[in-house]
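The values are calculated or read from the model by the stated rules, or taken from the named source; none is laboratory data. Keep in mind that this is a model prediction, so the values were computed, not measured. So basically every Cβ, Gly included, is an ideal-geometry build from the backbone, and we count neighbours across all protein chains shown.
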Amino acid sequence: YQPSQKAVIFFADGREDLILSVRYEGNADEFAWVIPVPARPSVEVADPQLFWELADLTRVHVVSGSRGFAPGMGSLEGTGVDVLEEKIVGPYDVAILSAGDPASLTDWLNSNGYSFPESGEKIIEEYIRNGWYFVASKISTGKEASGLAEGTIEPLLLSFKTDRIVYPLRITSV
């Protein structure tokens, strides 16, 4: 379960850096996260300090007595899914994917430990129709993630080409 998500977007000269930070509840080995992007991205971890500094800069200061509020490479034959890259990024196992249809992508995700409900197929259908890529991430079960409990983990930085600012909000509802 993902009770919260924070994002910072930097956009210039046809390139977007999307920095996402999530909080999760549940077993770390059951957490997975799928992020659609309009072009093949590079994926890294980002320094969580960015979100702490932004929180400090945007904090509402309450004056006493006031009532202010704080705000595997290549195509997989017959699957309809291309695995463009697989790697470990900080505490995450990451796969960068493209897909030909929602059912194939859902099947691949679930077969590879990236839990994704069939009910989400309608949402990813438009992303697929528009030729978007998918960044599937889950907490690595290797030594990088040993000792992780539920909470907030390192943000992911996805960098990709785009002619406009994008934020894949619809998939968050899944």
Quiz item: In region 127-142, what residues are more than 13 Å from GLU86 (Cα to Cα) and modelled with pLDDT under 90?
Solution: ILE139, THR141, GLY142
Self-check item: Any hit, region 55-77, residues being at pLDDT 70 or above and surrounded by 12 or more Cβ atoms within 10 Å (Cβ to Cβ)
Solution: no
Quiz item: Does region 1-27 hold any residues that are modelled with pLDDT under 80 and under 15 Å from the mean Cα position of the chain (by Cα), and which are they?
Solution: TYR1, GLN2, PRO3, SER4, GLN5, VAL22, ARG23, TYR24
